[in-house]
Amino acid sequence: MKELSLNILDITENSTKAGATLTSILIDEEENTLRLTIEDNGSGMSEEILRGVTDPFYTTRTTRKVGMGLPLLKLAAEQTGGFMKVESVSKDVDPVHHGTKVEALFYQDSIDFTPLGDVVSTVCTLIQGHPDTDFYFRHRILNQQKDVLVELDTRQIREVLDGVPLNEYEVIKWIEEYVNEQYSGPQDTE
Amino acid sequence: MKVSELINNGFEMITLPDGDREIDGVYIGDLLSWVMGRARQDNAWITIMSNINVIAVATLADTACVILAENVDLPEDVKAQAEIKDVNVLKSPLPIYETAVRLKELLS
C-alpha cells in the first residue's frame, strides 16, 4: 500500500471483525526503525489458521475472507529489511486471555520504506466506523531532534462523553484536533 | 492474442498452465495493493515483483498473464504455486517500458 496507515486500517478491521472490544495501535520510532504493533482482544486464531495467515492463498481461498492485509504488511516490512510476526491465542484455547498481536519492524532508512502517511485520519476513520469498540493509539518518536508522545484512549473519552456516541461529528472533529495538537507539541502561548 | 503466442516472440515461458488465454490490454505496476484494484481482467500485467503475493494478485484481478521484466525470475516455490493456481507467468529481458512497447507491437 502507498502508506503504512492504510495497512494499519486494514489490519485493525480484522481485529474488529474478530469481535475485539479493545484494539491497541502502537507505533514506536527510534533512530532508523519503526515498530508497528497492533494488538486486540478478539477471538484469536487456531494454530492452523495462524500458520497460514501470511500465505495469500490461505486467506483468499477460505469463505471467511481475511484479505491480503497481512501478506502485504509482511512484504512491506521485509522490503525494508525488517520482519512481521503474528501471535494469537484462540478463544477456544483460553476463554479469558485471547486475541491477536501483529508486530512489524521497518527500517526507515531503506529506499523501499513505505511512509507512515496520515495515521490520524486512519484512527479517526476507525473510531467513526466502530464507535462501540475501544481503541488505544500511541505513537512514540524518539530521536535527537525531538521526542514526541501522542496518545489517545477511547475508553477515557467515552467516560467523559457520558453516553454521547463516539462517532458524532463534533466528537470525531475534537479527537482529530486533540491528536494533531499532541503532534505539534506545546505551543508557546504562555 | 493468446498468451502462448508471446513465447518465442521476445518472451520466455516460466509457467503456462493456461496458454490459450486471450490477452486484452496491458497493465503495469509494482505496488501490489494498487495493482489489485486497477488491473483489469484479461490484462497482461508487467511487473518486476516476484514474490508469492504477485500470484495472489494475478488470481484476484484475473489477469491473463504476469510478465516479469528485466529477466526477473520466480523462486521455485512461487513457480509451483503459479502452476497450481493456473497463473501464466512469462519473462522478458527488456526493461518495463520496452517490454510494453514490444507487447504493443504484438497485440496490434
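Restricting to the stretch B:82-101, and then to whatever is at pLDDT 95 or above and in contact with a Phe, Trp or Tyr (Cβ under 8 Å, 6 or more places away or on another chain), can you tell me which residue is surrounded by the fewest Cβ atoms within 10 Å (Cβ to Cβ)?
B:LYS91
Suppose we filter B:ALA56, B:ALA61, B:ALA100, B:ALA82 for residues that are in contact (Cβ under 8 Å) with a residue 60 or more places away in the chain, within 21 Å of A:PRO71 (Cβ to Cβ) and small (Gly, Ala, Ser); which single one remains?
Numbers: B:ALA56 fails: in contact (Cβ under 8 Å) with a residue 60 or more places away in the chain; B:ALA61 fails: in contact (Cβ under 8 Å) with a residue 60 or more places away in the chain; B:ALA100 fails: within 21 Å of A:PRO71 (Cβ to Cβ).
Exactly one residue qualifies, and that residue is B:ALA82.
Do you know which residues across the stretch A:110-160 are over 23 Å from A:ASP10 (Cα atoms) and in contact with a His (Cβ under 9 Å, 6 or more places away or on another chain)?
Matches in the stretch A:110-160: A:VAL148, A:LEU149.
Give the residue that is modelled with the highest pLDDT, with candidates limited to residues of the stretch A:1-33 that are within 14 Å of chain B (Cβ to nearest Cβ) and outside any helix (DSSP H, G or I).
Within the stretch A:1-33, the match that is modelled with the highest pLDDT is A:GLU3.
For (1) more than 14 Å from chain B (Cβ to nearest Cβ); (2) over 25 Å from B:MET36 (Cβ atoms), each residue gets a yes or a no:
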site	(1), (2)
A:GLY67	no, no
A:GLU78	no, no
A:ASP92	yes, yes
A:ALA104	yes, no
A:LEU116	yes, no
A:HIS130	yes, no
A:ASP134	yes, yes
A:GLN144	yes, yes
A:LEU166	yes, yes
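Mind checking which pairs have a first residue in the stretch A:160-181 that is loosely packed, with under 12 Cβ neighbours inside 10 Å and a second that is of a type in the set (A, V, I, L, M) and part of a loop (DSSP other than H, G, I, E, B), Cβ under 9 Å, 6 or more apart or different chains?
Correct list of pairs: A:GLU170/A:VAL164.
Which condition breaks for A:LEU75 when tested against (1) farther than 30 Å from A:TYR169 by Cα; (2) touching a residue at least 24 places away in the same chain (Cβ under 8 Å)?
Going through the list (1) farther than 30 Å from A:TYR169 by Cα; (2) touching a residue at least 24 places away in the same chain (Cβ under 8 Å), A:LEU75 breaks only (2).
Go through the stretch A:133-146 and report how many residues are within 18 Å of A:TRP174 (Cβ to Cβ) and either crowded, with 21+ Cβ neighbours inside 10 Å or modelled with pLDDT under 95 (or both).
As a first pass, look at the stretch A:133-146 and keep what is within 18 Å of A:TRP174 (Cβ to Cβ): A:134-137.
Add one more test, that the residue is either crowded, with 21+ Cβ neighbours inside 10 Å or modelled with pLDDT under 95 (or both), and what stays is A:135, A:137.
Total meeting the criteria: 2.
Give the residue that is nearest to the other protein chains (Cβ to nearest Cβ), with candidates limited to residues of the stretch B:49-101 that are hydrophobic (A, V, I, L, M, F, W, C), more than 17 Å from B:MET36 (Cα to Cα) and in contact with a helix residue (DSSP H, G or I) (Cβ under 9 Å, 6 or more places away or on another chain).
That would be B:ILE84.
Which residue, of A:GLY117, A:GLY99, A:GLY82, is under 17 Å from A:ASN180 (Cα atoms), under 19 Å from the mean Cα position of the chain (by Cα) and not β-branched (Val, Ile, Thr)?
A:GLY117
When you scan the stretch B:51-86, how many residues do you find that are in contact with a Pro (Cβ under 7 Å, 6 or more places away or on another chain) and of a type in the set (A, V, I, L, M)?
Residues of the stretch B:51-86 in contact with a Pro (Cβ under 7 Å, 6 or more places away or on another chain): B:52-53, B:56, B:69-71, B:83, B:86.
If we keep only those that are of a type in the set (A, V, I, L, M) too, we end up with B:52, B:56, B:69.
Residues that pass the stated criteria total 3.
Looking at the stretch A:115-135, I want the residues that are of a type in the set (D, E, K, R) and have a partner that is assigned to a helix (DSSP H, G or I) with Cβ atoms under 9 Å, at least 6 apart or on another chain. Which pairs are those?
Note: pairs meeting the criteria are A:ASP118/A:SER5; A:ASP134/A:THR154; A:ASP134/A:ARG155; A:ASP134/A:ARG158.
Condition check ((1) in contact with a helix residue (DSSP H, G or I) (Cβ under 8 Å, 6 or more places away or on another chain); (2) within 27 Å of A:GLY19 (Cβ to Cβ); (3) assigned to a strand (DSSP E or B)) across all residues:
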position	(1), (2), (3)
A:THR100	yes, yes, yes
A:SER110	yes, no, no
A:LEU126	yes, yes, no
A:ASP132	no, yes, no
A:ARG155	no, yes, no
A:LEU166	yes, yes, no
A:TYR178	no, no, no
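The values are calculated or read from the model by the stated rules, or taken from the named source; none is laboratory data. These figures come from a predicted structure and were not determined experimentally. Virtual Cβ from ideal backbone geometry, glycine too; neighbours counted across all protein chains shown.
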